[in-house]
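Written below as structure tokens is the structure these notes are about.
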Amino acid sequence: FPVTIGCNIICAGRRWGKSAICGYIIVKFFLDQLDLIKRGEKSSVKIWIVAPTYELTNKVFKYVIKFLLIFDRTFGQYITNRPIPQLKMTESIWIQCKSTTEPMSLLGEELDLEVIDEAALIPEKVFNQYIYPTTIAKSRDTKVILISTPRGKSFFSNEFYRLKEVGAAFHYTSFDGVETDQSKLEELRKKYSGE
């Protein structure tokens, strides 16, 4: 999955592997940014994982932790769950989980990367007034990845069609999933399609 432009979107069925792939993208991005910091080309890296609840942010964050600890176990000393789930190395080098149930906590930050999980469940007002404004700072080239299962018409579906025109929207079904039991999925399809 290529992060092609400022905003990318993955619309995929359940058990496709959205959380795992985003965990990998976050870790790759974070390690690349740490290299730039070590070379003196940057001074900070700030990443958010945003979802409707903290429990949902942990779906991506657990992969971030898993992959980082495989790379280097010393990252474990920076992982905390209070006051929020995060990996915080310094005041300007971190990966934080954020819930849209507390939209005021989404104000005022400048970010390098945002992964928005279950984006189709986030109210458009929260996205437009609290999440999207974190991407407009001149000093950062913020990347945004929206991931979700499809949930009808919403800002997520509108963004999908907009980004599809520029090659930044990707669609996969549950049948494409690496974690999908194909026979169970076929049973569900038949049951609910009336076959």
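Key figures for this structure:
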| read-out | value |
| --- | --- |
| Candidates 54, 24, 132: whichever shows maximal mean-square fluctuation once the chain is modelled as a Gaussian network with Cα springs under 10 Å | 132 |
| Selected from 52, 103, 83 as most flexible by GNM, with the chain as the system and alpha-carbon contacts under 10 Å | 83 |
| Calculated FRET efficiency for the pair residue 137/residue 82, C-beta based, R₀ 22 Å, to 0.05 | 0.20 |
| For the chain, built as a Gaussian network whose Cα springs stay under 10 Å, the top-fluctuating residue of 60, 166, 50 | 166 |
| Cβ-derived FRET efficiency at R0 25 Å, residue 107 paired with residue 43, nearest 0.05 | 0.65 |
| Å² per residue, accessible surface of the stretch 1-128 at 1.4 Å | 48 Å² |
| Fraction of accessible area attributable to carbon and sulfur, the chain (%, probe 1.4 Å) | 53 percent |
| Correct choice for volume of the Cα convex hull per residue in Å³ that was computed from the model, options (1) 134; (2) 164; (3) 124 | (1) |
| Kyte-Doolittle mean at least 1.0, axial Cα span of 15 Å or more - DSSP H helices of the chain | none |
| Calculated FRET value between residue 166 and residue 14, using beta carbons and R₀ = 25 Å, to 0.05 | 0.40 |
| The chain - share of DSSP beta bridges that are antiparallel (%, nearest 5) | 20 percent |
| Estimated [θ] at 222 nm from DSSP helical runs (n ≥ 4, -39500 (n - 2.57)) normalised by residues in the chain, nearest 500 | -10500 deg cm²/dmol |
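The values are calculated or read from the model by the stated rules, or taken from the named source; none is laboratory data. This one's a predicted model, so the numbers in the text were calculated from it and none came from an experiment. With ideal geometry, Cβ positions are generated from the backbone for all residues, glycine too; neighbour counts draw on all protein chains shown. To get the accessible areas, we keep the full protein, side chains included, count just its heavy atoms, and leave off ligands, DNA and RNA. Shrake-Rupley method; radii C 1.70, N 1.55, O 1.52, S 1.80 Å.
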